[in-house]
Structure formats: C-alpha cells, structure tokens
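Working notes for the structure below.
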4 protein chains.
Amino acid sequence: RAEAERDLGQFYPFLAGLPGADIKISVYDAEHAAAECELAFLAVPAGTALRMAPDLLGRGVKVIDFSADFRLEDPDVYQQWYGEPHTAREALASAVYGLPELNAAAIRNANLVANPGCYPTASILGLAAALKHDLVDPDTIIIDAASGASGAGRKPVIPNLYCEISDNFRAYGAPRHRHTPEIEQELGKLAGSPLTLTFTPHILPMKRGILATIYARLRDPQMPVSQIRDIFAAFWAGEKWLRLLPEGALPETAHVRGSMYCDIAVLKDDRTGRLIILCAIDNLCRGAAGQALANANLMSGLAVDCGMENLCPLP
Amino acid sequence: RAEAERDLGQFYPFLAGLPGADIKISVYDAEHAAAECELAFLAVPAGTALRMAPDLLGRGVKVIDFSADFRLEDPDVYQQWYGEPHTAREALASAVYGLPELNAAAIRNANLVANPGCYPTASILGLAAALKHDLVDPDTIIIDAASGASGAGRKPVIPNLYCEISDNFRAYGAPRHRHTPEIEQELGKLAGSPLTLTFTPHILPMKRGILATIYARLRDPQMPVSQIRDIFAAFWAGEKWLRLLPEGALPETAHVRGSMYCDIAVLKDDRTGRLIILCAIDNLCRGAAGQALANANLMSGLAVDCGMENLCPLP
Amino acid sequence: RAEAERDLGQFYPFLAGLPGADIKISVYDAEHAAAECELAFLAVPAGTALRMAPDLLGRGVKVIDFSADFRLEDPDVYQQWYGEPHTAREALASAVYGLPELNAAAIRNANLVANPGCYPTASILGLAAALKHDLVDPDTIIIDAASGASGAGRKPVIPNLYCEISDNFRAYGAPRHRHTPEIEQELGKLAGSPLTLTFTPHILPMKRGILATIYARLRDPQMPVSQIRDIFAAFWAGEKWLRLLPEGALPETAHVRGSMYCDIAVLKDDRTGRLIILCAIDNLCRGAAGQALANANLMSGLAVDCGMENLCPLP
Amino acid sequence: RAEAERDLGQFYPFLAGLPGADIKISVYDAEHAAAECELAFLAVPAGTALRMAPDLLGRGVKVIDFSADFRLEDPDVYQQWYGEPHTAREALASAVYGLPELNAAAIRNANLVANPGCYPTASILGLAAALKHDLVDPDTIIIDAASGASGAGRKPVIPNLYCEISDNFRAYGAPRHRHTPEIEQELGKLAGSPLTLTFTPHILPMKRGILATIYARLRDPQMPVSQIRDIFAAFWAGEKWLRLLPEGALPETAHVRGSMYCDIAVLKDDRTGRLIILCAIDNLCRGAAGQALANANLMSGLAVDCGMENLCPLP
C-alpha cells in the first residue's frame, strides 16, 4: 500500500527500461483483480492468504500462494505449527503442492497451488529419489541447511541488518522451524508412510542460495554409490532443471544463482553406511518466484519453462 | 624463505608500530633455533614436522606443532589418512593433544604438543560433556560444520580466490575429510571406546569463524533438556573460555571472532529424540594461534591465559 | 592449454545443461581457427595479441581483442605505459575503439576492434556528454573509481585471495594506472583536444561492478543542474543501455549487475561549482564480455543487442 | 529504554564473561547520572544532546558528545545544515573539537568535547599536514570517501538491510553531506582561512572501516614527493596512532580494523601536479568509541592511550 501508484521500475530501479517496468503498483481490490486477471500470485503474510484465496477462487481466478497457508494438507498440523486454526478448509482440500517435477499433472488441473518453501524445495528434491526407492531409513534423516539472507524477506528488523549478517554464521529456528512439517508431509508421501526428521536451518553471509546437506542411513550399507547414483539418474531422467553432478563434483550455490537449477550430489560414507545428499538451489528463483512461474505455466497449459528457456545462472 | 630478512611489520603491515613488528623473518636453522628458543611453534606443511620436531626435541627445545603430524596416536591411522608412513614414532609416543580444557595436566608436562585442528577443536569441545556422561549413542554422531575461508590457509590457488568463495557456499572434502580420525580419536577417549562418525565441512563466504552443528541420538529420549544443560554446565564449570549460552540463545561466529571463546548451545529435538549441539569458535585464534599460545603458557608453567586475559571478541 | 579437451560445462559447472556447454576447449591453432571462425575474440595477456591479431586478420578473420594492445592509437604512448615497443603498427592503424554508443558506425566497418577496458567504459560514458558540450574544464577532471574483484582476473596470486579482499577496501595502481591513457585518448577526442586527468582505482569487497565518481569544474558555475541533465538526456537519447537516473536517484552497482546497462547520475555541487557524475556498470558484462558481443553484432551486420534483448540485471 | 534492566552482556552476547558485561542498562536520569558519573558519553540522536549536555554540565559532569550538536562553532552554520536553531549556545561556546592529535591541550581543559564524525576524522588527519604547511590550493580539495555499513548505525530501515548493502556500492548524501561543514571548519583553521570543498561519501559492502581518497593541486607542482613525505613525517612525529606508510604502500581498511591507527599514504600525480592523500581508519574505534575514550583520558588527566596501549588491529 505504501508504494501504491509508483511504477515497478521506480520501486526496483534495476528494472527500469525493461518490459513491465511501467506497471503501476495498486492497492489490492478483489473485484478489480478478478476483472483483470486469470491467475493471481499471493505474496502476503501467513494467515492473510486464508482470506484472500477463497475469495479469488470464488471469482474464477486461479491462485498461486507463496505462504504456508495451503501447504499443509492437515489443518490440525497447520494449527499446531502456526498457532491459528485453519479457516479455509474447503480451499485447502483443493490445493496442490507446487513442486513441478513431482506434481506436474496435478498442478496442470489445479486452481489453487501452494508454492513450496525454499528449504522444502531443496530438501524434497534432494531426498525424493532415495525415499521413492526405499534406499534409506526414514527415521535417520537429518537435514542441515543454510540459506542466503534474502530468505528472511525484506523486513527492516535488527536481525536482517547488514552488520548482523555480514561476516557471521548462525543457526536459527532450531529445533522446530516451521518448514519441518511441510518437508515431512511431502517426503512421507514419497516414502509411502509418515516420517519424522530433524531440520536445522542456518543463515549465510550472502544474498541468495540454499545448500541442504542431508544425512540418512542406507538400508543396505553395502550398496555401491555408483548404483545409488544410477537410481538417482533414472529417477530424474528428462528433468532439465535437475542436474545430478558428475562423480567428484559437489554443488555450489553460486552455480545455480538466479536459475531454476537444482544441483544434486550423492555421496556415500562407507565408514558409517550413511548416504549424504547435497542439494543446491537459488532460494529466490527455484525456491520462490521462478517456481511460481513454472506452476503458472502448467496451470495455463503452457510448457513448464515457458519464458524461462534460456534462464542461466549468474554467479 | 621468500620473506627472509623482512620485518614482521613489513610482511603484515597491520602490525607496524606494535611490539614485535621489528622482528626479522629468518630462514630456519635448527642449531640457531635451539640456541635462541626454549619453545618452537611449527607451522609447516604436513610431513615436514616429522623431520623437524625430533631434531628440535633432541636439542632440548619444546615443540608445539600446528600440523596433523603428531595428532594421531596410532601411526597406522596416520598412514591410512595421510598416505605416508609415520617416520617419527618415538616423538609421536610422547606427544600430547593440546586441548587445554581437557588435557591441561599432560600439556604442562609435555615437550611435544600437537596443536588441534580447528574443526576438531569445535567438535570435541561440543561433544565432550555428552560423551563423558554417556548421554548419546556414539554410533549416531553427525558433525556438520562450516568454516571461514582462512581455514584453508594463504595458498594462492584458484579455490581460495575471492571470486570463488564470495557469495557462495559449498561442502568440500566429504565424506572423508582428514580431520575425521582426529575427532574420532579424542571423542573415543571421552566415550571410553572407539567410535566412528560422519563429518562434513563447508566453506563460508567470510574470513574467520567455525560453527559446528552436531547431531546425536539421546540414550534417554525422555531426558529433559534442562537436565542436559545442567550436565554441560557442571562439566565446564570454571572454564572461562567455555560459554554455555543461556536457553534460547544460539552461537554466532561473530560473537567469538578473534577470541578464545567457545560458545555452546544445547538443544533437544523432542520429536526425534536427538540432541543438537551448536558450537562456535574463531578458527584462527581458538582453533590455531591462540590455542597454541595457551599450550605454550601451560608448557612454560604460566597461567593458561597469560597475555590473553583481556582478549575480547571483535565482531 | 591446461584445460584442453574439457567441455566448457566442465570448466564452468554453472553452464552445464545450457546451450554451448558441450563446446570443447582446444589449444589455439591459427589455421584451424581461420577455417572455423569468421570472428575471433582474443582474451590473452597484454602483448600476446600483438602477435595473434595480425595473423588472424591476414587469414580473413575479424578480431575483437580484450587486451590493451590495440586501444592506444599512438604506439609511443603504448610503449610508454606498457614498457614494450608496439610491434603491430599496421593492425593498430586499422583498429577501432569498441564503445558501441560512441563508435557504432566505425565498428560496423572494422576488422579489428579493441574492446575497451572496464574503467574506461564507465569513465568515458560518464563524461562523454559533458566534454562534447564543453560543460567542464578538462584540466580539472578527477575520476575516482572502484571495481569488484573480478576486474583483476582469475590469476591465483595472494592479492586476489578471499582473505585479502573480503572486508577490506584499498586503492591500487595510483597514481599511474594503465587505464589512464586510454581514458584520456577517448575523452580528448570528445573534448576536441588532448587532456590530462587523474584516475584512481580501488578494489571493492564484492565480485562484480564498477562505480566511477567523476569530478570536474563547470565552465559556467551558474548553469542549473536541470539544464545539464537535459543536455545529458539529449546526448543519450535513443540509447537503451544508457539510463540517466531520475533526479534524486544515485547509481548502485547492484542495479546493473550482469547487464549492459550504464546508470548515470548528474549532480552539481553548488558551493564549489563542480559537476559530479556518478556512473555504474557491470565490469564483466558491459565492461568486457557483453560489450564484446555487442561489437561482434555490429561487425556482423546484426542489431547491436542481438541475443541480449532481454538481458536483465540480477542484483 | 527498550533494553532497560538487561545486562550489557545480554544485549551484546559477545561481551558475556568479560569485565563489565554485568553492567545493567538503565533509563537515563540526569540526577542519578550526576551522582554516579564524573564524565558522560552522549550517544543520542542529533538535537537531543542540545538539551542533555547543558544539564549535565550544570551538574558538574564532563560531557563527550558523539553527535554533531557541538561540532560546528557557528550556530548559524548548524542551523543551515541541520535545519534547527542551535539552542545551547553557551555550552557550544565552551565545546572543544575532540581530535586528540590536533587539540590535546584544549581537550585536557575541556568540560564539553564534541567527538568528531568518522569521515571528518579521516579527512582532517589526512589533510592537516598539507594545509598547515600550505602545500596545496584549498580551493581544489576533493574528498572521495567510503565507509563500512556500521557508519550508518543500527537503525532497522530498508537501506541498512543486508540485501541492500551486500554486493553493492553506491554514493549517498552527495553533494551536501552533513559532515562537509565540520571538515571545512577544522581544515580552515589549519589553512588559516575559511575554505570550501567537495565531499562525497560512499557505502561499502563491509562492516567497518573508512578510506578517504583526497585530491588537491600542489602549490608547487615541482615539489618532489619525497619532500612532501618528509613534511608529513615531521608534522606527525611522535604520534603513535599515525602511521605514515613507507613509499609504495597504500592504506587498507583491514589494516586498521578495530584499532586507533590512522594509516596515511602520500602520492603525487606528476602528470597533473595533484597531491593524492589516502587515509584509512576504523570508523567505529578511531572514528567513534576509541576516540571518545582517548578524549576521556585527556579530560581525566590520564595518558591519551590509557587502557588502549595494546590495542591491535584485527583484520
């Protein structure tokens, strides 16, 4: 609201001169939105989408929501982690979890898509092949992840200041970060039964990028790592945004910066029988805006990468 | 050698004007060193200390070695991880592992001290109380750690360049980083029997600081976290460099920057029965030079913090 | 040579999966290059292009050279600043200075284009309008500029290490940086007579981006800043990569990161009668690779922005 | 006020365990302050010290003020740059500008000291010798300076966020930053008559440190740089915090980080007859807290470096 009537190119000067920079920021009005839009992206605080999404859906507008409001299928789990009752259960029942590689068919038919969190995107993509093929014991999963500072949003509070984040590294939200149930829900589906895991996020002294370092015990400690890599390769065959790195290479957040790529490495710790999966994404593009665009493409009958065919990392 | 005859203050201009800045860098000569020094610090590449330390010891000079050459008690383990046979077994048999809080008595009587690695310092201090009191299952230990770029030294190679490290985060050395056996050896002593663990280091886009995030299953998943914290507090009572953080606070590398402090937080993941220990140190001071000075103090009959009484973090 | 036979996508893993990632790096061979290429980009050390360019031109291959070898029209000035005689004077006589906005017509007809340095690009674009319109006294020009670390290239030497550049700011090369004569030459042409100026570069703790802060006395200290801005606006009318910022806005390197944009602000210091011009570019794209591509487009009869129509800054 | 009753060590956890960490933060009360303190440091917003300082002085408490309220001797200049009339003219008349090297005698006798701004500290120390010895034309002075983000304070506003400052470089406040009249006032005293200059500050993607790059025309363009350096060396002889760098060396902010040092290099641009002075300080220590402590030492009859004898840069 504070920016209403300004151009997008004034709000974000780096956009000046580009197509769309002259779009005017306006105060949200449901009726007006419904008249103008076939599809709306909601980037609003937790709880607000509970009110806005059903209204838009009722007016025939498809919705992609960036918040957690429609990510957790069980409204009781929502209340447990977010402290408020879920007040849009009908919409919730129709929502699809928007991970394009895993749910493309459902997303194509959805009117409401819950855009995944950034940490869940990296965690789920990292573990999907291993759980689908029952390679690891779900009770032993630990996800240790770190994110660039943009993951915390643009709120002007002390912990987001330059002097607090620069030249510093720390965990936060442990041991009960709100992305935990979202990760458990989607991984549970892949595993075929509910699971509980440990997830610890950290904040990095850099702007963009997430690296998840994931640990789990192999069902078969003797399985050679080459066989595991083959299973991963087959699982992700044909997915252009998934890059299973060659043996010996490890993901770097700089290599996916500003792109839809998800870089994955599979290691085996022979001494302990653990699988170590490393997974890097850009938290803003793959973990938020770009992923929302991919979902919008699917919901609109377009190719998933429409408009992003040449999206290249910029380290 | 390349810097011989220069003053320390010329080599490191920030030292100019300070006491000691006029010390001349000279080419090493054992006889000369023995005539001038009671104690020598060896900061030489792996393998070199195998030759230098016995020579100095034979001349009556006490030695603190920064390399891994005298950290592993079993010469076979050394050969297994470093690829070369250990050629100074007599010296090795007399070496003491230089973690002041755990080995002060032995260090005081030692002529040869192996200065611990930076990751092992954080890992061992983090886990010591839990293993000594048998709080966790040693088979489930995972150490996920991240270090500032100074941990890699000052070698001019591509991976150490600004443009490779800045705005980037990645793991390295996994799953067999050379600090692993050193951590296992010291933790095994605390646990009372050998153990095997998973250790994954990462490189941070910042200069200094290590944060270790450590996971292990509690023997008793019902043990309240307050009781665990009490055990840690009792274990470290009287150690001024160990700061067990108040409940709710998490360590930040910036808070220990340039100091001997080791900041520790103890969390319990009630949902999975895991203990999560977070441990921050400065890799250069606590993890290297400062720790060496503390060891030198002990070996010289001084208070462990002599000359470092007012060493304060500089975030 | 060290990377010969590797794919581009192996050398730069962030390119894997993108068009061109399978291009093989090969050892340079003039005959082979002439058979395969209509145009060659030379990114070789100073002095090497003196040998390579004439050879390629003789074989009918157009050349864009990234070094300073063909930027200085006067071979004596070259020898004075680079310490070696210029050994390709014939080629030099035919070379065009590749600043697309200023020299498009000549670039279109050129067989040899000297791709401008990054600092000169920012400095010349910043001052062009003021000198062409005789707004300032050329004897009073001071260019104070700062560059991201990528400006120094990828050579593994101590000053390029992360720990030397991070959390640090310093000048270098002053008071005789080699980009000085190149800036003076091109600005002298715009001013209509030779000029001498002061140029001081600094190195920033960040990867990419140049900001030039330029000072000069106004010929007419009473000229209102609005009039000066109008002159700049008219001078750059129709140039899509030049963004004259709205009054009150100042350039930020993040706003041009990864793009061809050159953001310019014009200020007047009423108290001293000085004009202050601020000019931001991305040193790698606008200051090197992107600019070379723009030149190649012109030399090939294509639109200057062919393939870069949607190149957008990525802060 | 928001932090009242908390310990200093809780507010700044890095201080925990150090002497003074148990000091309680309390709400300011003049009567209580006067009963407890001989000297007060005021670190309050501009305008607030106008009220507080006279009150404390009237109660016999010496005052060191960090704001600009008592830095400008002429109340009309204050009103012109700060937009409000100066309401503490009597106190102002007694205030001393707290640059220890230049005003030690006056500071020793002062009850009210205006602690200099960080940019003015670097600018004045850089130019003092040149102006005192009439080496340069005051009308040609340009100060181009850059500061770490801590210079902007700890206010939670958008421009201070990590994602706005990281990986970015920009000027701000130009062409009328409020530190300008303070620099002009003190330099005018050294020059012997009023002067007007151009000052442009920039914000760096790092926490601490200021580098000022200062330009001015030499009165005698033929004067050899060695003679200029000798004049600087004589001017600063005996000042332990002033380090005139050896020929060929340039100041780096990392070399003064966390210290009272002011590193100065003197260059001559032979081609233009300009003097270039580079001057680096730590904006928080030399430019604020440490300098205030030095002033407090002088006002209390102690050695200027009392308690800071061993303060060493920590890069």
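Each reported figure results from applying straightforward, stated rules to the coordinates on display, with no laboratory input. Quick caveat, the model's predicted, so the values are computed rather than measured. Neighbour counts are summed over all protein chains in view; Cβ atoms, including those assigned to glycine, are modelled from backbone coordinates with ideal geometry.
Of B:268, A:132, the sequence from fewest to most neighbouring Cβ atoms within 10 angstrom is A:132, B:268. Here residue D:307 yields copy-to-copy label distances, from shortest upward, of 2.6, 6.0, 6.4 nm, the label point defined as 7 Å from Cα along Cα to C-beta. The Rg/Rh ratio of segment C:203-268, with both radii computed over alpha carbons and Rh defined as the Kirkwood radius, is 1.00. Take every pair of alpha-carbon atoms less than 8 Å apart whose residues are at least six positions apart; their mean separation over the length of segment A:67-120 yields a relative contact order of 38 percent. With label points set 7 Å from Cα along Cα→Cβ, the inter-copy distances at residue C:36 are 5.2, 5.7, 7.6 nm, sorted shortest first.
Residue B:211: net charge of surrounding residues, Cβ under 10 Å, Lys/Arg +1, Asp/Glu -1, itself excluded?
On the way: positive: A:170; negative: B:144, B:252, B:263.
So the surrounding residues net to -2.
Which value, in debye to the nearest 20, describes the size of the charge dipole of segment D:96-199 about its Cα centre when Lys and Arg Cβ atoms bear +1, Asp and Glu Cβ atoms bear -1, and nothing else is charged?
Details: 8 positive and 10 negative charges, 85 e Å.
Roughly 400 debye for segment D:96-199.
So if we plug the beta-carbon distance of residue A:172 and residue C:84 into 1/(1 + (r/R0)^6) with R0 = 41 Å, what FRET efficiency do we get, rounded to 0.05? Before the final figure, lay out the partial values.
On the way: r = 56 Å, r/R0 = 1.37.
Once rounded, the FRET efficiency stands at 0.15.
Checked against a 19 Å cut-off, the cross-linked pairs C:132/C:189; A:268/B:207; B:132/B:189; D:155/D:207 give Cα-Cα distances beyond that limit for A:268/B:207.
Taking the Cβ of residue B:101 as the centre, find all other residues whose Cβ is under 13 Å away and add up their charges (Lys, Arg: +1; Asp, Glu: -1). Summing Lys/Arg as +1 and Asp/Glu as -1 gives +1. Its Cα gyration tensor gives the protein assembly as shown an equivalent ellipsoid; the semi-axes, largest first and in whole Å, are 46, 42, 35. Among chain C residues, the beta-carbon with the smallest distance to the axis carrying C onto D is reported, with distance in whole Å, as C:144, 2.
Residue D:312 to residue A:247: FRET efficiency via 1/(1 + (r/R0)^6), r the Cβ-Cβ distance, R0 51 Å, to the nearest 0.05?
Working: r = 47 Å, r/R0 = 0.91.
After rounding, the FRET efficiency stands at 0.65.
Between D:173, D:259, D:296, the Cα set farthest toward the positive side of the dipole of chain D (charges on each charged residue's Cβ, about the Cα centre) is that of D:173. Which aspartates and glutamates have a Cα less than 17 Å from the Cα of residue B:24, not counting those fewer than 8 places away in the same chain? Within the straight-line cut-off, residue B:24 pairs with B:3, B:5, B:7, B:36. Compared with the direct C-alpha span, the chain from residue C:94 to residue C:51 gains 14.0 nm at full extension, assuming 0.36 nm per residue. Considering only B:15, B:27, B:63, the residue lying farthest towards the positive end of the dipole of segment B:9-83 is B:15, judged by Cα position with unit charges set on Cβ. Counting from the shortest, the label point at residue A:94, 7 Å from Cα toward Cβ, is 6.9, 7.6, 8.2 nm from the same position in each remaining copy.
Given the DSSP H assignment, sum -39500 (n - 2.57) over each helix run of at least 4 residues in chain B and divide by its residue total; what's the result at 222 nm in deg cm²/dmol, nearest 500?
Values: 11 runs with 97 residues, N = 315.
After summing the helix terms and dividing by the residues of chain B, the value is -8500 deg cm²/dmol.
Note on residue D:32/residue D:7: beta-carbon distance plugged into 1/(1 + (r/R0)^6) with R0 of 22 Å gives a FRET efficiency of 0.75.
Of A:240, A:207, how do they rank once you tally other Cβ atoms within 10 Å and put the fewest first? Spell out each step's value before the answer.
Details: A:240 14, A:207 22.
Lowest count first: A:240, A:207.
With contacts taken as Cα pairs under 8 Å at a separation of at least 6 residues, segment B:8-97 carries a relative contact order of 21 percent.
GNM remark for chain B: springs join alpha carbons under 10 Å apart, and the peak mean-square fluctuation among B:231, B:214, B:281 falls on B:231.
Cα convex hull, chain D: 147 Å³ per residue, rounded to a whole number. Over what distance in Å are the Cα centres of segment B:22-99 and segment C:109-175 separated? Spelled out, the Cα-based centre of one part sits 48 Å from the other. Taking Cα atoms only, the orientation of helix D:290-299 departs from the longest principal axis of chain D by about 70 degrees.
Helix A:180-191 and the longest principal axis of the C-alpha atoms of chain A enclose an angle of approximately 60°.
Other residues whose C-beta falls under 14 angstrom from the C-beta of residue D:39 contribute a net charge of 0, scoring Lys and Arg +1 and Asp and Glu -1.
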